[in-house]
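Data block below; observations after.
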Amino acid sequence: MGNRFVPAILIALLVLFHAQLWMGRGSIPNVRDMQRRLDEQLAKNIKSQVNNDQLAAEVRDLKEGLEMVEEKARSELGMVKPNEIFVQVTK
């Protein structure tokens, strides 16, 4: 009786661990899905970091001088300095 009990316990444990490998919390499909979601989030983070870097550079330029403000006012609003003549060339 004792000789059959140990292998039965070992087989039951093997089945339990095998089931955990395929269906449990740390299962192969679950880990694969989490890895995919992690990769997607990392890609989003990289895009956000690039956008943040661009915004930080623009803020830095605005804080450091008025050249950027003047450039934006001239290009986007068509503003001119006193005693300047604005000439628009169309193609």
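Bear in mind these aren't lab numbers, they're just calculated from the coordinates by the rules spelled out. These numbers come from a predicted model, not from an experiment. Cβ atoms come from the backbone with ideal geometry, glycine included; neighbour counts cover every protein chain shown.
Lys-Lys pairs in the chain that are eight or more residues apart or on separate chains and whose Cα atoms lie under 27 Å of each other come to 7. If you plug the beta carbon distance of Q41 and N83 into 1/(1 + (r/R0)^6) with R0 = 41 Å, you get a FRET efficiency near 0.15. The chymotrypsin sites (Phe, Trp or Tyr not before Pro) of the stretch 6-91 that meet both conditions, a loop assignment by DSSP and at most 11 other Cβ atoms within 10 Å of the site Cβ, are F86. When all alpha carbon pairs of the stretch 25-70 are counted in 10 Å bins from zero, the resulting P(r) reads 25, 25, 19, 15, 11, 6 %.
The calculated P(r) of the chain, using every Cα pair and 10 Å bins from 0, goes 12, 17, 14, 13, 11, 10, 8, 7, 5, 3, 1 in percent.
Neighbour counting of Cβ atoms within 10 Å sorts the residues I85, I9, fewest neighbours leading, into I85, I9. Just report the Cα centroid separation between the stretch 1-38 and the stretch 51-91, whole Å. Cα centroid to Cα centroid, the span is 64 Å.
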